[in-house]
Amino acid sequence: MIDFSRPVYVKESMSYIQQAVEQNHLCGDGSFTRKCTEWMEEHTGTERAMFTTSCTHAMELMALLMEIEPGDEVIMPSYTFASTADAFVLRGAKIVFADIRPDTMNIDENLIEQAITPRTKAIIVMHYAGVACEMDKIMEIARRHNLFVAEDAAQGMMASYKGKALGTIGDFGTYSFHETKNYTMGEGGVCLIQNREYIERAEIIREKGTDRSKFWRGEIDKYTWVDMGSSYLPSELNMAYLWGQLEIAEEINRERLSAWNRYYDGLSALAKQGMVTLPFVPEDCEHNAHMFYIKVRDEAERIKLIDFLKQRGVWAVFHYIPLHSTLAGKKFGRFSGEDRYTTKESLRLLRLPMYYGLKEEEIEFVIRAVYEFWG
Ligand SMILES: *Cc1c(COP(=O)(O)O)cnc(C)c1O
């Protein structure tokens, strides 16, 4: 069986975990968190990186910093993971879903403006598969209407738009280190903050509403409860696991891209015959091979193909059920305009096996199996 996904494992991580244990510092913000934070700030150019217990939590932190309140509206695609909406629903916001572009599966930048109302506070973009949304246009709309832009770049670490790391273009951005992502610490995330004015409050919220971060830096001699907050800092054990991967982040990225390119080249003849549609990466975007997907004719064909591949030992999956059509989506959100592509395109999409360590012959095997389906 060729697995669909496997969590990244780097041998060095085990000795880093051992070190964390021997340092008698297992709670958050120890030496491995510092190493990972420095790496993140240097490699993304973000003003400040704050590691969190998940990407979902990093988005909760963003929503708190933006002071989202009941009655506020936030605009986002319906084709995304539940977390993108959850963080804002928790603050009482109404979710306004906009349609996607069929080529990248990202929010259609030309449909955002018509979704804006006097209650709109923020535009939340999600960079699907590590391929950037049309950020120049989105930032221009946000500035004109005085809105925040937050980037759910859960899938976007190591990817960029016009040379800028995803997650560092809007006011706030997040990456995920869930085990299904390109780099992992089991569960974990990071919040990237561009505006210095938010950094101090972010530190406080992340540390249970206390000014303990200042205390650790020796700026104050005791710490107290100063604001609302939560506990968003990850354990050193998780950070030590991640550090092993950050050290070889480029290598992991290169390997994934080469697997992606192999799929792309291998399936291009089938795409030319019109059997499948391959992913599209706009010129301004450098992606990170987070996933390789194909699109087939419709849902019925997808069901048959999944089954066909399964019989040959290939595990292929699809996702997302568009949020606006779910139980929670109907309760907490509404769709702005017409659902031209979100539902239709989501039913056509199928993800092929992709992980660090996937072998060339396995990719060839998957490609052959896909061709066999069409005879
Ligand atoms: C994985 C993912 C998340 C959630 O990340 P966690 O770290 O599991 O909280 C959110 N949004 C998108 C688009 C994702 O792919």
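The values are calculated or read from the model by the stated rules, or taken from the named source; none is laboratory data. This one's a predicted model, so the numbers in the text were calculated from it and none came from an experiment. Counting neighbours? That spans all protein chains shown, and the Cβs are built from the backbone with ideal geometry, glycine included.
Overview of results
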item: Members of segment 290-316 that are in contact with a helix residue (DSSP H, G or I) (Cβ under 8 Å, 6 or more places away or on another chain) and of a type in the set (A, V, I, L, M); result: M291, I294, V296, L305, L309, V314, A316
item: Residues that are part of a loop (DSSP other than H, G, I, E, B) and either hydrophobic (A, V, I, L, M, F, W, C) or under 22 Å from D72 (Cα atoms) (or both), drawn from segment 339-361; result: L347, M354, L358
item: Residue ID - nearest to A249 (Cα to Cα), chosen from residues in segment 30-61 that are over 14 Å from the mean Cα position of the chain (by Cα) and of a type in the set (A, V, I, L, M); result: M40
item: Any hit, segment 106-113, residues being within 12 Å of the ligand (Cβ to nearest atom), of a type outside the set (D, E, K, R), crowded, with 20+ Cβ neighbours inside 10 Å and part of a loop (DSSP other than H, G, I, E, B); result: yes
item: Qualifying residue in segment 201-210 (condition: over 18 Å from the mean Cα position of the chain (by Cα), away from the ligand (no atom under 15 Å from the Cβ), farther than 23 Å from R91 by Cα and among the polar types (S, T, N, Q)); result: no
item: Selection status of K222, surrounded by 16 or more Cβ atoms within 10 Å (Cβ to Cβ), more than 15 Å from the ligand (Cβ to nearest atom) and modelled with pLDDT under 95; result: no
item: G163 being of a type outside the set (D, E, K, R), at pLDDT 95 or above, within 16 Å of the ligand (Cβ to nearest atom) and closer than 28 Å to Q245 by Cα; result: no
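Rundown of residues vs (1) more than 28 Å from G167 (Cβ to Cβ); (2) crowded, with 21+ Cβ neighbours inside 10 Å, yes/no style:
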{"residue": "L270", "(1), (2)": "yes, no"}
{"residue": "G274", "(1), (2)": "yes, no"}
{"residue": "F280", "(1), (2)": "no, no"}
{"residue": "F292", "(1), (2)": "no, yes"}
{"residue": "D339", "(1), (2)": "no, no"}
{"residue": "E361", "(1), (2)": "yes, no"}
{"residue": "V370", "(1), (2)": "yes, yes"}
{"residue": "W374", "(1), (2)": "yes, no"}
